[in-house]
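The values are calculated or read from the model by the stated rules, or taken from the named source; none is laboratory data. Predicted model, so just to flag it, every value in this text is computed and none were measured. Positions of Cβ are generated from backbone atoms using ideal geometry, with glycine treated the same way; all protein chains shown enter the neighbour counts. These area figures cover heavy atoms from the full protein model, side chains too; ligands, DNA and RNA do not enter into them. Shrake-Rupley method; radii C 1.70, N 1.55, O 1.52, S 1.80 Å.
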Amino acid sequence: MRQRVIDAINHQQTEITPWHIDLTSGFKDMLKKETRCNDAETYLGNHLTRAKYKQNEKLGKKMERDIFGVTWLNTDDGGDVGVVTGFPLMEKSIDEYMFPEIRVEFAKKLCEELENDTKDRFRMFSLTMCYYERAWSLRGIENILMDMCLDEKGTEKLFAKILEHHLKLLDIVLDYDFEGVYFGDDWGQQRGLIMGPDLWRKFIGPGVAKMYDKVKSKGKYVIQHSCGDNRAIMPDLVDMGMDVYNTIQPEIYDLKQLKKEYGGHLTFYGGISTQQFLPKASVNECKEMALYMLDVLGHDGGFIFAPSHSVTPDTPVENVLTMVNVVKNFKWF
């Protein structure tokens with residue numbers, strides 16, 4: 001499976017298109033109950049696996065504190081992310097805030113788990129809430145957007161401190177044996193970038209490029225997750241060395257045009273809508289959608305068949321199993 005993903009990223013047509021169905025804990029529980037499987041990832045035949053640099057401290061039944069001191073409320077919406085409720089830099093200056101030390105032993109443990117994976121999967125070290133999201137989780141989203149316009153030096157200082165942390169972390173992990181680094185950082189909304197392309201290029205792009213450069217210097221692939229409409233900066237990301245783009249929301253992109261413009265440069269990872277399609281579709285509609293995605297995005301490699309986000313418990317298990325069955329049995333040659 002691992003080589004199939006690597007070949008796809010290198011734009012080689014594989015006999016079978018690789019797939020990865022990311023799951024919320026709620027959907028995993030449903031799948032295990034309905035299929036009586038012990039390991040949902042293995043049961044689905046997922047080709048990729050992620051080790052997440054996430055070590056939250058429990059503060060009660062529904063509250064957690066992350067590595068950067070941000071507090072989160074776990075919600076009952078079926079997802080696993082939660083909602084930020086405590087912003088460490090909302091009321092204090094950056095000089096009053098102590099940036100966290102790298103959790104060295106935890107990071108090494110994650111990498112060792114990747115190295116010891118026996119399921120022949122494409123292995124990714126995962127750094128989510130990475131850069132822009134980390135900045136707003138510390139300052140608040142309204143504040144960081146205003147800071148970009150009104151406090152240029154303070155904004156640059158905050159991003160520089162976040163980048164310093166991440167580069168140190170990458171120095172620790174990149175010598176381990178795994179294939180790629182998965183960066184999670186939502187820049188887009190349904191139409192355009194949240195902060196616009198000019199501010200992205202001023203405050204965000206340069207730091208992202210440095211992280212990409214470090215990953216590429218070790219011969220590993222760059223996988224970038226960003227929700228929303230990132231068309232304005234897609235050429236920038238290609239030039240910076242992004243290999244795989246996730247999550248490809250069909251509500252936003254013309255998939256045929258996306259493949260035409262960037263299919264020779266990028267591998268697309270996603271495409272099946274969890275927002276409008278997967279929870280509501282019939283089994284036959286799922287079959288048709290899977291075939292459509294393979295036809296539009298699967299030619300000449302460069303495609304990892306996947307939902308646009310983690311599958312939530314409002315999705316029928318049969319819908320997911322149907323789509324996996326289609327891609328598993330669709331052979332290009």
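Here are the numbers:
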quantity	calculated
Which listed residue is buried (at least 18 other Cβ atoms within 10 Å of the Cβ) and either touching a helix residue (DSSP H, G or I) at 6+ places or on another chain (Cβ under 6 Å) or free of Cβ contacts under 8 Å to residues at least 60 places away in the same chain (or both), from N246, N325, N319	N319
Residue ID - most open to solvent (accessible area, probe 1.4 Å), chosen from residues in the range 134-149 that are charged (D, E, K, R) and in contact (Cβ under 8 Å) with a residue 24 or more places away in the chain	R139
Flag if E15 is touching a Ser or Thr at 6+ places or on another chain (Cβ under 9 Å), open to solvent by 30 Å² or more (accessible area, probe 1.4 Å), closer than 30 Å to Y262 by Cα and not small (G, A, S)	no
Which listed residue, of F183, F159, is aromatic (F, W, Y), surrounded by 19 or more Cβ atoms within 10 Å (Cβ to Cβ) and in contact with a strand residue (DSSP E or B) (Cβ under 6 Å, 6 or more places away or on another chain)	F183
Number of the exception - G271 against (1) at positive phi; (2) surrounded by fewer than 23 Cβ atoms within 10 Å (Cβ to Cβ)	(2)
The range 285-316, residues that are within 22 Å of M30 (Cα to Cα) and without any contact (Cβ under 8 Å) to a residue 24 or more places away in the chain	E285
Matching entry among D76, D66 (being of a type in the set (D, E) and under 19 Å from E133 (Cα atoms))	D66
Condition broken by L294, with the remaining ones in (1) surrounded by 23 or more Cβ atoms within 10 Å (Cβ to Cβ); (2) in contact with a helix residue (DSSP H, G or I) (Cβ under 7 Å, 6 or more places away or on another chain); (3) in a helix (DSSP H, G or I) satisfied	(1)
Those residues of the range 25-45 which are within 18 Å of K328 (Cα to Cα) and of a type in the set (G, A, S), in sequence order	A40, G45
Qualifying position, being touching a residue at least 12 places away in the same chain (Cβ under 8 Å), under 26 Å from L163 (Cβ atoms) and open to solvent by 10 Å² or more (accessible area, probe 1.4 Å), among K259, K214	K214
Index of the failed condition, R191 passing every other in (1) in contact with a strand residue (DSSP E or B) (Cβ under 7 Å, 6 or more places away or on another chain); (2) basic (K, R); (3) open to solvent by 70 Å² or more (accessible area, probe 1.4 Å)	(1)
Residues being charged (D, E, K, R) and under 24 Å from L23 (Cα atoms) - total across the range 81-96	0
Considering residues of the range 46-83 that are polar (S, T, N, Q) and crowded, with 17+ Cβ neighbours inside 10 Å only, the residue nearest to F183 (Cα to Cα)	T49
Subset tally (residues that are over 20 Å from P206 (Cβ atoms), surrounded by 13 or more Cβ atoms within 10 Å (Cβ to Cβ) and out of contact with any strand residue (DSSP E or B) (no Cβ under 9 Å at 6 or more places or on another chain)) for the range 162-180	1
Residue list for the range 94-122, restricted to those being outside any helix (DSSP H, G or I) and open to solvent by less than 70 Å² (accessible area, probe 1.4 Å)	Y97, F99, P100, I102, D117, R121, F122
